[in-house]
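Below is one structure; the comments refer to it alone.
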Amino acid sequence: MAEIAVVTGASSGIGAATARHLIRAGFDVVIGARRLERLEDLKSQLEAEFPERVVTALPLDVSDTASVQAFADAIGAVDVLVNNAGGALGVDRIETADEADWSRMYDINVLSILRMTQALLPKLRASPAASVVTIGSVASTEAYETGGGYNAAKFGARAVTRVLRLELKGEPIRVIEIDPGMVETEFSLVRLGGDAEAADKIYEGVDNLTADDVADAVTWTVTRPPHVNIDQVQIMPRDQVAARNVHRRNV
């Protein structure tokens, strides 16, 4: 029987790529997200590409405890949980930041890990060799100007992940953090309020990471021998040497 992986925020970007890579590695997957039309499209694509695998698509809002619990109640066994849902809102300085944006970022990046872990930990404990993966960010280790709210959220996500690793000591559950740098997805489009031109400039002239690059790293960590815990991976484009230190070509 195939192991079962749960991926949050799976309707696009890193989440969708992670679901595809895990299926390719032999997992059945449960994918969750708010955008149900996209989620169902992904399910259809995966079932067509991998007819031997089981794909379950369920509505999931990681900022809503009732939604998380309903999601957890609807699924059976779980061997891998990938906490991918998250994101950034705005690029304001602290003096002009929108408190609502900060609250929302904390909710979707930090409290989402709490909710999903609490809901699925009993199922993970029933697995002989489980894994919990946090998709973090270089923003979890390096603060930068105009990134205060996102930095605070991702620093928080890293803290929660590390504490979980400590608290599960002695149990057959790995706890893993993947911290990407610049990944060319919808991330900047959302962060900049739908300003496509500004979002494109973030990635212009850079050989950026792709969602598949991050998904490949996730899959590698959860397919190591059960006694091997890859605690943290920071994965950056070669052109990016720090959060705001990037080599650009012809720009």
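Just so you know, all these numbers are worked out from the coordinates, no wet-lab data involved. Just so it is clear, the model here is predicted, and its values are computed rather than measured. Reconstructed Cβ throughout: ideal geometry from the backbone, glycine too, with neighbour counts over all protein chains shown.
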TODO: Going by C-beta contacts inside 10 Å, put Asp73, Asp92 in order with the fewest on the left.
DONE: Asp73, Asp92
- [ ] Could you please rank Trp102, Trp220, placing first whichever residue has the fewest other Cβ atoms within 10 Å of its Cβ?
- [x] Trp220, Trp102
TODO: Sum -39500 (n - 2.57) across every DSSP H segment of at least 4 residues in the chain, then divide by the residue count to get the 222 nm mean residue ellipticity, nearest 500.
DONE: -12500 deg cm²/dmol
Task: Average Cα contact separation per residue, the chain, under 8 Å, 6 or more apart, as relative contact order % - done: 19
Open item on the list: For a quick check, take a GNM of the chain with Cα springs below 10 Å and name the residue from Ile135, Ile202, Ile235 with the largest mean-square fluctuation.
Closed with: Ile202
Open item on the list: For Cα extents along the principal axes in Å, pick the label among (1) 56, 43, 26; (2) 54, 40, 40; (3) 51, 39, 34 that corresponds to the value derived from the coordinates.
Closed with: (3)
- [ ] Taking the Cβ of each residue in Thr161, Thr8, Thr18, Thr117 as the centre, tally the other Cβ atoms inside 10 Å and list the residues starting with the fewest.
- [x] Thr117, Thr161, Thr8, Thr18
Task: Within straight-line cross-link reach of Lys43, lysines at Cα separation under 22 Å, skipping those fewer than 8 residues along the same chain - done: none
Task: Net charge, Ala70 excluded, C-beta distance under 14 Å - Lys, Arg +1, Asp, Glu -1 - done: -1
Task: Extension gain (nm, one decimal) between Ala198 and Glu37, 0.36 nm per residue minus Cα-Cα - done: 55.3 nm
